[in-house]
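Chemist: The structure follows.
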Amino acid sequence: MRFTYFPGCTLQTSGYDYTLSFKYVAEALGIDLVEVRDWVCCGALSASATSNLLSVALPALNLSHAEQEGFDQMITPCPACFSRFKATNVELKKNSGLREKIHQVFDYKYHGKMRVYHPLEVFLEIGLETVQEKMRRKLSGLNIACYYGCLLTRPPEVCQFDQVEDPQSMDSIVHALGGQPVPWSFKTECCGNAMTLTRSDMVLKLSNDILREAKEAGANVIAVACPLCQANLDGRQRQIEEAYQIRYRIPVLYITQLMGLAFGASPKEIGLQKLLTSPQEVLGSIGLM
(Lines give C-alpha, C1' and ligand atoms only; values in the text may rest on other atoms or scores of the structure.)
Protein backbone atom coordinates (compact mmCIF):
# COMPACT_ATOMS: atom_id res chain seq x y z
CA MET A 1 0.00 0.00 0.00
CA ARG A 2 1.43 3.36 -1.03
CA PHE A 3 0.34 6.66 0.48
CA THR A 4 1.47 10.22 0.48
CA TYR A 5 2.16 11.06 4.12
CA PHE A 6 1.35 14.33 5.88
CA PRO A 7 3.13 14.43 9.27
CA GLY A 8 1.88 17.84 10.36
CA CYS A 9 3.56 20.22 12.78
CA THR A 10 3.04 18.32 16.04
CA LEU A 11 4.48 15.03 14.81
CA GLN A 12 7.66 16.86 13.90
CA THR A 13 8.04 18.30 17.40
CA SER A 14 6.34 17.28 20.65
CA GLY A 15 4.69 14.24 19.07
CA TYR A 16 7.82 12.82 17.49
CA ASP A 17 7.36 9.55 19.38
CA TYR A 18 4.13 9.17 17.40
CA THR A 19 6.18 9.59 14.21
CA LEU A 20 8.71 6.95 15.30
CA SER A 21 6.10 4.39 16.27
CA PHE A 22 3.84 5.03 13.27
CA LYS A 23 6.71 4.63 10.81
CA TYR A 24 7.84 1.45 12.59
CA VAL A 25 4.35 -0.06 12.34
CA ALA A 26 3.87 1.14 8.76
CA GLU A 27 7.09 -0.55 7.65
CA ALA A 28 6.15 -3.77 9.45
CA LEU A 29 2.78 -3.82 7.68
CA GLY A 30 4.21 -2.99 4.25
CA ILE A 31 2.81 0.55 4.05
CA ASP A 32 4.95 2.73 1.78
CA LEU A 33 4.98 6.38 2.91
CA VAL A 34 6.04 9.31 0.70
CA GLU A 35 6.03 12.64 2.55
CA VAL A 36 3.99 15.42 0.95
CA ARG A 37 6.21 17.76 -1.06
CA ASP A 38 6.74 21.23 0.46
CA TRP A 39 3.98 20.73 3.00
CA VAL A 40 2.81 23.57 5.23
CA CYS A 41 0.80 23.69 8.45
CA CYS A 42 -2.81 22.66 7.84
CA GLY A 43 -4.05 25.51 10.04
CA ALA A 44 -5.83 23.16 12.44
CA LEU A 45 -7.90 25.19 14.92
CA SER A 46 -6.00 28.48 14.65
CA ALA A 47 -6.74 29.20 10.98
CA SER A 48 -10.47 28.54 11.32
CA ALA A 49 -10.60 31.02 14.20
CA THR A 50 -8.99 33.64 11.96
CA SER A 51 -10.34 33.16 8.45
CA ASN A 52 -12.53 30.56 6.76
CA LEU A 53 -10.65 31.17 3.51
CA LEU A 54 -7.31 30.49 5.19
CA SER A 55 -8.66 27.41 6.97
CA VAL A 56 -9.52 25.88 3.59
CA ALA A 57 -6.60 27.25 1.56
CA LEU A 58 -3.86 25.77 3.77
CA PRO A 59 -5.14 22.17 3.63
CA ALA A 60 -5.98 22.61 -0.07
CA LEU A 61 -2.39 23.62 -0.81
CA ASN A 62 -1.11 20.38 0.74
CA LEU A 63 -3.73 18.31 -1.04
CA SER A 64 -2.84 19.93 -4.35
CA HIS A 65 0.87 19.20 -3.84
CA ALA A 66 0.07 15.55 -3.21
CA GLU A 67 -2.27 15.36 -6.20
CA GLN A 68 0.38 16.89 -8.47
CA GLU A 69 2.76 14.12 -7.45
CA GLY A 70 0.28 11.55 -8.74
CA PHE A 71 -1.22 10.39 -5.45
CA ASP A 72 -4.87 9.85 -4.68
CA GLN A 73 -4.44 8.59 -1.09
CA MET A 74 -3.12 10.61 1.84
CA ILE A 75 -2.50 9.35 5.36
CA THR A 76 -2.15 11.67 8.34
CA PRO A 77 -1.84 10.48 11.97
CA CYS A 78 -3.05 13.73 13.61
CA PRO A 79 -6.85 13.91 13.99
CA ALA A 80 -6.75 17.72 13.76
CA CYS A 81 -5.04 17.50 10.37
CA PHE A 82 -7.28 14.60 9.35
CA SER A 83 -10.37 16.65 10.20
CA ARG A 84 -9.16 19.74 8.31
CA PHE A 85 -8.31 17.80 5.15
CA LYS A 86 -11.63 15.96 5.17
CA ALA A 87 -13.57 19.19 5.80
CA THR A 88 -11.67 20.95 3.02
CA ASN A 89 -12.58 18.27 0.50
CA VAL A 90 -16.24 18.60 1.47
CA GLU A 91 -16.25 22.41 1.37
CA LEU A 92 -14.46 22.71 -1.96
CA LYS A 93 -16.85 20.21 -3.50
CA LYS A 94 -19.95 22.14 -2.50
CA ASN A 95 -18.64 25.74 -2.72
CA SER A 96 -17.55 26.58 -6.27
CA GLY A 97 -16.98 30.26 -5.41
CA LEU A 98 -14.51 29.38 -2.67
CA ARG A 99 -12.84 26.84 -4.93
CA GLU A 100 -12.31 29.44 -7.67
CA LYS A 101 -10.98 31.99 -5.18
CA ILE A 102 -8.36 29.52 -3.97
CA HIS A 103 -7.43 28.46 -7.50
CA GLN A 104 -6.73 32.10 -8.39
CA VAL A 105 -3.88 32.06 -5.86
CA PHE A 106 -2.48 28.57 -6.54
CA ASP A 107 -0.49 27.70 -9.63
CA TYR A 108 -2.44 24.43 -9.83
CA LYS A 109 -6.14 23.61 -9.73
CA TYR A 110 -6.84 20.94 -7.14
CA HIS A 111 -9.26 18.39 -8.59
CA GLY A 112 -10.43 17.00 -5.26
CA LYS A 113 -9.21 13.48 -5.94
CA MET A 114 -7.32 12.94 -2.69
CA ARG A 115 -8.87 10.50 -0.24
CA VAL A 116 -7.67 11.16 3.30
CA TYR A 117 -7.09 8.36 5.82
CA HIS A 118 -6.20 8.11 9.48
CA PRO A 119 -3.75 5.26 10.19
CA LEU A 120 -6.41 3.34 12.14
CA GLU A 121 -8.51 3.09 8.97
CA VAL A 122 -5.56 1.74 7.03
CA PHE A 123 -4.66 -0.81 9.71
CA LEU A 124 -8.21 -2.16 9.63
CA GLU A 125 -8.24 -2.16 5.84
CA ILE A 126 -5.07 -4.27 5.86
CA GLY A 127 -6.91 -6.57 8.23
CA LEU A 128 -6.67 -7.74 11.82
CA GLU A 129 -5.37 -11.12 10.69
CA THR A 130 -2.38 -9.43 9.05
CA VAL A 131 -1.83 -7.33 12.17
CA GLN A 132 -1.85 -10.50 14.27
CA GLU A 133 0.66 -12.17 11.92
CA LYS A 134 3.19 -9.46 12.81
CA MET A 135 2.75 -10.05 16.55
CA ARG A 136 5.83 -11.28 18.39
CA ARG A 137 4.64 -10.49 21.93
CA LYS A 138 1.12 -10.36 23.28
CA LEU A 139 -0.21 -7.38 25.20
CA SER A 140 -1.60 -9.75 27.82
CA GLY A 141 -1.94 -8.11 31.22
CA LEU A 142 -2.71 -4.66 29.83
CA ASN A 143 -6.17 -3.27 30.52
CA ILE A 144 -6.34 -0.50 27.96
CA ALA A 145 -8.74 2.45 27.83
CA CYS A 146 -8.87 3.39 24.15
CA TYR A 147 -9.29 7.15 23.95
CA TYR A 148 -10.22 8.57 20.54
CA GLY A 149 -10.71 12.22 21.44
CA CYS A 150 -13.30 14.60 20.06
CA LEU A 151 -11.99 15.19 16.51
CA LEU A 152 -11.45 11.76 15.02
CA THR A 153 -15.12 10.84 14.59
CA ARG A 154 -16.77 14.29 14.50
CA PRO A 155 -18.56 15.67 12.61
CA PRO A 156 -19.59 12.25 11.30
CA GLU A 157 -20.69 13.51 7.87
CA VAL A 158 -17.17 14.90 7.34
CA CYS A 159 -14.87 12.41 9.09
CA GLN A 160 -16.85 9.30 8.14
CA PHE A 161 -14.76 7.34 10.57
CA ASP A 162 -15.89 4.58 12.93
CA GLN A 163 -18.90 4.88 15.25
CA VAL A 164 -19.31 8.45 16.42
CA GLU A 165 -19.95 7.90 20.15
CA ASP A 166 -18.56 4.41 20.66
CA PRO A 167 -15.72 3.88 18.15
CA GLN A 168 -14.17 0.43 18.03
CA SER A 169 -11.15 0.59 15.71
CA MET A 170 -8.49 0.90 18.43
CA ASP A 171 -10.37 -1.55 20.66
CA SER A 172 -10.35 -4.19 17.94
CA ILE A 173 -6.59 -3.78 17.35
CA VAL A 174 -5.87 -4.00 21.09
CA HIS A 175 -7.98 -7.14 21.35
CA ALA A 176 -6.29 -8.72 18.32
CA LEU A 177 -2.88 -8.17 19.95
CA GLY A 178 -3.86 -9.85 23.21
CA GLY A 179 -4.67 -6.77 25.28
CA GLN A 180 -7.94 -6.14 27.09
CA PRO A 181 -9.85 -3.03 25.93
CA VAL A 182 -11.89 -1.77 28.87
CA PRO A 183 -15.47 -0.56 28.37
CA TRP A 184 -15.83 3.07 29.41
CA SER A 185 -17.92 6.12 28.53
CA PHE A 186 -15.25 8.78 27.92
CA LYS A 187 -13.84 7.51 24.62
CA THR A 188 -14.70 10.65 22.68
CA GLU A 189 -14.83 13.32 25.39
CA CYS A 190 -12.78 16.48 24.77
CA CYS A 191 -9.49 16.89 26.65
CA GLY A 192 -9.61 20.67 26.16
CA ASN A 193 -6.48 21.09 24.06
CA ALA A 194 -7.88 24.07 22.14
CA MET A 195 -8.02 25.98 25.42
CA THR A 196 -4.45 25.19 26.46
CA LEU A 197 -3.37 28.85 26.55
CA THR A 198 -6.66 30.58 27.37
CA ARG A 199 -8.31 28.32 29.98
CA SER A 200 -5.70 26.01 31.46
CA ASP A 201 -8.00 25.46 34.44
CA MET A 202 -10.63 23.98 32.12
CA VAL A 203 -8.01 21.81 30.42
CA LEU A 204 -7.02 20.37 33.79
CA LYS A 205 -10.65 19.71 34.66
CA LEU A 206 -11.50 17.97 31.36
CA SER A 207 -8.30 15.91 31.32
CA ASN A 208 -8.79 14.93 34.95
CA ASP A 209 -12.29 13.66 34.09
CA ILE A 210 -10.81 11.41 31.40
CA LEU A 211 -8.03 10.07 33.64
CA ARG A 212 -10.49 9.45 36.49
CA GLU A 213 -12.93 7.55 34.28
CA ALA A 214 -10.13 5.43 32.78
CA LYS A 215 -8.85 4.58 36.26
CA GLU A 216 -12.33 3.71 37.54
CA ALA A 217 -12.88 1.48 34.49
CA GLY A 218 -9.85 -0.56 35.58
CA ALA A 219 -7.37 0.64 32.97
CA ASN A 220 -3.65 0.48 33.63
CA VAL A 221 -2.82 2.07 30.24
CA ILE A 222 -4.53 4.66 28.05
CA ALA A 223 -4.14 4.33 24.28
CA VAL A 224 -4.43 7.43 22.12
CA ALA A 225 -4.23 8.27 18.42
CA CYS A 226 -3.81 12.05 18.74
CA PRO A 227 -0.66 13.98 19.69
CA LEU A 228 -2.71 16.80 21.24
CA CYS A 229 -4.62 14.43 23.51
CA GLN A 230 -1.40 12.66 24.44
CA ALA A 231 0.22 15.96 25.41
CA ASN A 232 -2.61 16.72 27.83
CA LEU A 233 -3.13 13.31 29.41
CA ASP A 234 0.56 12.48 29.73
CA GLY A 235 2.28 15.87 29.90
CA ARG A 236 -0.17 17.41 32.36
CA GLN A 237 -0.76 14.32 34.49
CA ARG A 238 1.51 15.37 37.36
CA GLN A 239 -0.05 18.85 37.34
CA ILE A 240 -3.53 17.31 37.43
CA GLU A 241 -2.54 15.03 40.32
CA GLU A 242 -1.32 18.02 42.30
CA ALA A 243 -4.41 20.12 41.52
CA TYR A 244 -6.89 17.37 42.44
CA GLN A 245 -4.85 15.67 45.18
CA ILE A 246 -5.04 12.30 43.49
CA ARG A 247 -2.60 9.75 42.11
CA TYR A 248 -3.09 8.27 38.65
CA ARG A 249 0.33 7.45 37.14
CA ILE A 250 -1.38 5.91 34.10
CA PRO A 251 0.99 5.75 31.12
CA VAL A 252 -0.54 7.23 27.97
CA LEU A 253 0.79 5.46 24.87
CA TYR A 254 0.02 5.95 21.22
CA ILE A 255 -1.78 2.96 19.74
CA THR A 256 1.19 2.67 17.37
CA GLN A 257 3.55 2.34 20.34
CA LEU A 258 1.47 -0.54 21.67
CA MET A 259 1.43 -2.12 18.22
CA GLY A 260 5.18 -1.62 17.95
CA LEU A 261 5.75 -3.38 21.27
CA ALA A 262 3.59 -6.28 20.11
CA PHE A 263 5.54 -6.40 16.83
CA GLY A 264 8.82 -6.73 18.73
CA ALA A 265 10.14 -3.15 18.75
CA SER A 266 12.54 -1.97 21.42
CA PRO A 267 11.30 0.88 23.65
CA LYS A 268 13.74 3.32 22.00
CA GLU A 269 12.62 2.44 18.47
CA ILE A 270 9.11 3.64 19.26
CA GLY A 271 9.98 6.57 21.49
CA LEU A 272 8.85 5.30 24.90
CA GLN A 273 11.62 7.32 26.54
CA LYS A 274 9.72 10.51 25.62
CA LEU A 275 6.75 9.68 27.86
CA LEU A 276 6.56 11.82 30.99
CA THR A 277 4.45 9.27 32.87
CA SER A 278 6.77 6.28 32.85
CA PRO A 279 5.35 2.99 31.50
CA GLN A 280 8.23 1.03 33.08
CA GLU A 281 6.27 -0.42 36.00
CA VAL A 282 3.23 -1.47 33.97
CA LEU A 283 5.06 -2.75 30.92
CA GLY A 284 7.97 -4.22 32.88
CA SER A 285 5.62 -6.34 34.97
CA ILE A 286 4.50 -8.24 31.85
CA GLY A 287 7.90 -8.38 30.15
CA LEU A 288 7.39 -5.67 27.54
CA MET A 289 10.19 -3.42 28.88
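Chemist: Could you give the angle, 0 to 90 degrees to the nearest 10, between helix 79-94's Cα long axis and the longest principal axis of the Cα atoms of the chain?
Modeler: Orientation of helix 79-94: about 30 degrees from the principal axis.
Chemist: Follow-up question, since we're still on this one. Going through the range 101-197, which GluC sites (Glu not before Pro) have at most 12 other Cβ atoms within 10 Å and a DSSP loop state?
Modeler: Within the range 101-197, the qualifying GluC sites (Glu not before Pro) (loop, at most 12 other Cβ atoms within 10 Å) are Glu165.
Chemist: Largest first, please: the extent of the C-alpha atoms of the range 115-179 along each principal axis, to the nearest Å.
Modeler: Taking the Cα atoms of the range 115-179, the three principal extents are 37, 25, 12 Å.
Chemist: Roll a 1.4 Å probe over the protein heavy atoms and report the accessible area of Lys274 in Å², nearest 10.
Modeler: Accessible area of Lys274: about 90 Å².
Chemist: In the P(r) worked out for the chain, what percent of Cα pairs fall beyond 36 Å?
Modeler: Values: 6247 of 41616 pairs.
Here the long-distance tail beyond 36 Å is 15 percent of all Cα pairs in the chain.
Chemist: Follow-up. Sorted by accessible area (1.4 Å probe), largest first, how do Trp184, Trp39 line up? Mind showing how you got there, number by number?
Modeler: On the way: Trp184 30, Trp39 60 Å².
Order by accessible area, largest first: Trp39, Trp184.
Chemist: Just check the range 136-285 against the gyration tensor rule for me: Cα atoms, a ≥ b ≥ c as the square roots of the eigenvalues, rounded for a/c under 1.5, and otherwise prolate or oblate depending on whether a/b exceeds b/c.
Modeler: oblate
Chemist: Pop out the carbon and sulfur fraction of the accessible area of the range 1-75 as a percent, whole number, probe 1.4 Å.
Modeler: 52 percent
Chemist: Sticking with this one: For a quick check of understanding: with a 1.4 angstrom probe and all protein chains in place, what accessible area in square angstrom does Ser200 have, to the nearest ten?
Modeler: Looks like 60 Å² after rounding.
Chemist: Could you rank Val25, Val164 by how accessible they are, 1.4 Å probe, largest area first?
Modeler: On the way: Val25 0, Val164 40 Å².
Most to least solvent-accessible, the answer reads Val164, Val25.
Chemist: Okay, moving on. Add -39500 (n - 2.57) for each DSSP H run of 4 or more in the chain, then divide by its residues: what number comes out at 222 nm, to the nearest 500 deg cm²/dmol?
Modeler: Computed mean residue ellipticity for the chain: -14000 deg cm²/dmol.
Chemist: Quick one: Kirkwood hydrodynamic radius for the range 2-119, alpha-carbon pairs, angstrom, one decimal?
Modeler: Details: mean 1/r = 0.0693 Å⁻¹.
Evaluated on the range 2-119, it is 14.4 Å.
Chemist: Now, a different point. Roughly how tilted is helix 200-216, in degrees to the nearest 10 and between 0 and 90, from the longest Cα axis of the chain?
Modeler: Compared with the principal axis, the helix lies near 50 degrees.
Chemist: If you average the sequence gap of Cα pairs under 8 Å that are 6 or more apart and divide by the length of the range 2-119, what percent do you get for the contact order?
Modeler: 30 percent
Chemist: To the nearest 20 debye, what is the magnitude of the charge dipole of the range 136-285 about its Cα centre, counting +1 on the Cβ of each Lys and Arg and -1 on the Cβ of each Asp and Glu?
Modeler: 520 debye
Chemist: Right, here's the next one. Given all pairs of different Cα atoms, what value in angstroms does the Kirkwood hydrodynamic radius of the range 53-171 take?
Modeler: Taking the inverse mean of 1/r over all distinct Cα pairs, the range 53-171 comes out at 16.1 Å.
The values are calculated or read from the model by the stated rules, or taken from the named source; none is laboratory data. On a predicted model such as this, the values are computed, not experimentally measured, just so you know. Using ideal geometry, Cβ is built from the backbone for each residue, glycine included, and neighbour counts are taken over all protein chains shown. Note: areas computed on protein heavy atoms with side chains; ligands, DNA, RNA excluded. Shrake-Rupley method; radii C 1.70, N 1.55, O 1.52, S 1.80 Å.
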